[in-house]
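Participant: Can you keep this structure in mind? I'll have questions shortly.
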Amino acid sequence: GAGVSQSPSNKVTEKGKDVELRCDPISGHTALYWYRQSLGQGLEFLIYFQGNSAPDKSGLPSDRFSAERTGGSVSTLTIQRTQQEDSAVYLCASSPGVWTRSNTGELFFGEGSRLTVL
Amino acid sequence: SQQGEEDPQALSIQEGENATMNCSYKTSINNLQWYRQNSGRGLVHLILIRSNEREKHSGRLRVTLDTSKKSSSLLITASRAADTASYFCAMVTSGTYKYIFGTGTRLKVLA
């Protein structure tokens with residue numbers, strides 16, 4: 001696609017329910033990243049993928065959080081048994097994944113999914 | 001914490017003045033990048049500086065990097081009201097493609 005697409009853009013759920021957030025990266029980008037941003041705060045690293053594998057899952061806050069990527073493209077971040085502290089904007093970014101002379105190594109971000117847990 | 005630290009947290013200046021933001025980090029890095037965020041949504045890449053570079057310019061932006069002090073600064077010259085946004089540094093950890101972001105500086109430029 002032309003840019004990174006995230007869905008849903010807004011999600012309101014009740015405490016204890018499961019939610020799935022989707023990220024569709026730029027076509028051909030092998031690296032995909034998930035971040036969480038609470039209101040007025042910085043970006044908290046959650047996980048990144050290189051292809052379908054996740055070299056670093058160290059940022060996932062608890063075992064209620066999981067992410068997968070299939071076909072080296074779309075990724076899904078799943079939060080089980082949501083809690084109020086999970087309320088935040090979840091940002092996805094992609095990059096070509098391999099740095100070359102012509103590749104600036106920049107991340108391309110989606111517009112985020114705003115999650116509100118009541 | 002896996003985040004870098006930025007200061008100031010917030011900065012308010014008049015149009016035409018210069019704005020300076022600072023970033024400090026803890027790990028060894030491949031490069032350091034600066035991003036801009038409007039309205040709490042997606043971030044946009046501004047500029048990248050590699051670990052073997054000390055200074056870089058792009059238009060009204062000037063970035064410096066001091067790897068011995070593990071710090072970087074972003075200078076925006078001749079600021080405009082349209083520069084009002086949050087600015088984040090992002091450090092790419094050596095040997096990885098992992099990007100860790102700073103805590104951000106909220107810049108407000110008054111017309």
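Nothing in this text is a laboratory measurement; each read-out follows from the coordinates by a stated rule. On a predicted model such as this, the values are computed, not experimentally measured, just so you know. Please note: Cβ atoms are built from the backbone with ideal geometry, for glycine as well, and neighbour counts cover all protein chains shown.
Participant: Any idea how far apart residue B:10 and residue A:52 come out in nm if each label point goes 7 Å out from Cα toward Cβ?
Facilitator: Placing both labels 7 Å along Cα→Cβ, they lie 4.8 nm apart.
Participant: Roughly what percent of Cα-Cα pairs across the protein assembly as shown reach past 29 Å? Write down the numbers at each step before the final one.
Facilitator: Values: 6912 of 26106 pairs.
Roughly 26 percent, rounded to a whole number.
Participant: Something else: What trypsin sites (Lys or Arg not before Pro) does the stretch B:10-84 have in DSSP loop regions with at most 12 other beta carbons within 10 Å?
Facilitator: On the way: sites: B:26, B:36, B:41, B:50, B:54, B:56, B:60, B:62, B:69, B:70, B:80; in loops: B:26, B:41, B:54, B:60, B:69, B:70, B:80.
Loop-located and lightly packed - B:54, B:69, B:80.
Participant: Run the dipole for the protein assembly as shown about the Cα centre, Lys and Arg Cβ at +1, Asp and Glu Cβ at -1, nothing else charged, and hand back the magnitude in debye, nearest 20.
Facilitator: Approximately 180 debye in magnitude.
Participant: What aspartates and glutamates could a cross-link reach from residue A:57, if we take a straight Cα to Cα line under 13 Å and drop same-chain neighbours fewer than 8 places away?
Facilitator: Filter leaves A:44, A:68.
Participant: Across peptide B:71-83, what mean number of C-beta atoms from other chains lies inside 10 Å of a residue's C-beta? Numbers along the way, then the final one.
Facilitator: Values: counts 0, 0, 0, 0, 0, 0, 0, 0, 0, 0, 0, 0, 0.
Mean partner-chain Cβ count within 10 Å for B:71-83: 0.
Participant: If you don't mind, another one. Apply the a/c threshold of 1.5 to the C-alpha gyration tensor of the stretch B:5-110 and tell me whether it is rounded, prolate or oblate.
Facilitator: On the way: a/c = 1.98, a/b = 1.61, b/c = 1.23.
Cα axes put the stretch B:5-110 in the prolate bin.
Participant: Moving to a separate point now. How much FRET efficiency would the formula 1/(1 + (r/R0)^6) give for residue A:10 and residue B:50, where r is the Cβ-Cβ distance and R0 is 35 Å, rounded to 0.05? Don't skip to the end; give the middle numbers.
Facilitator: Details: r = 38 Å, r/R0 = 1.08.
About 0.40, to the nearest 0.05.
Participant: Report the Cα centroid-to-centroid distance between the stretch A:22-76 and the stretch B:24-69 in angstrom, as an integer.
Facilitator: Distance between centres, Cα-based: 22 Å.
Participant: Then there is this: Under the Karplus relation 6.51 cos²θ - 1.76 cosθ + 1.60, θ = phi - 60°, what is the ordered set of whole-Hz ³J(HN,Hα) values for the stretch B:27-38, x standing for Gly and Pro?
Facilitator: Karplus values, whole Hz, x for Gly and Pro: 8, 7, 10, 7, 7, 10, 10, 10, 10, 10, 10, 9.
Participant: Cα gyration tensor of chain A, axes a ≥ b ≥ c as square roots of the eigenvalues: rounded (a/c below 1.5), prolate (a/b > b/c) or oblate? Please list the in-between numbers first.
Facilitator: On the way: a/c = 1.92, a/b = 1.79, b/c = 1.08.
It is prolate, given that a/c is not under 1.5 and a/b is the larger ratio.
Participant: Find, among the GluC sites (Glu not before Pro) in the stretch A:3-75, those assigned to loop by DSSP (not H, G, I, E, B) with at most 12 other beta-carbon atoms within 10 angstrom. All intermediate terms of the calculation are to be shown ahead of the outcome.
Facilitator: On the way: sites: A:14, A:20, A:44, A:68; in loops: A:14.
Within the stretch A:3-75, the qualifying GluC sites (Glu not before Pro) (loop, at most 12 other Cβ atoms within 10 Å) are A:14.
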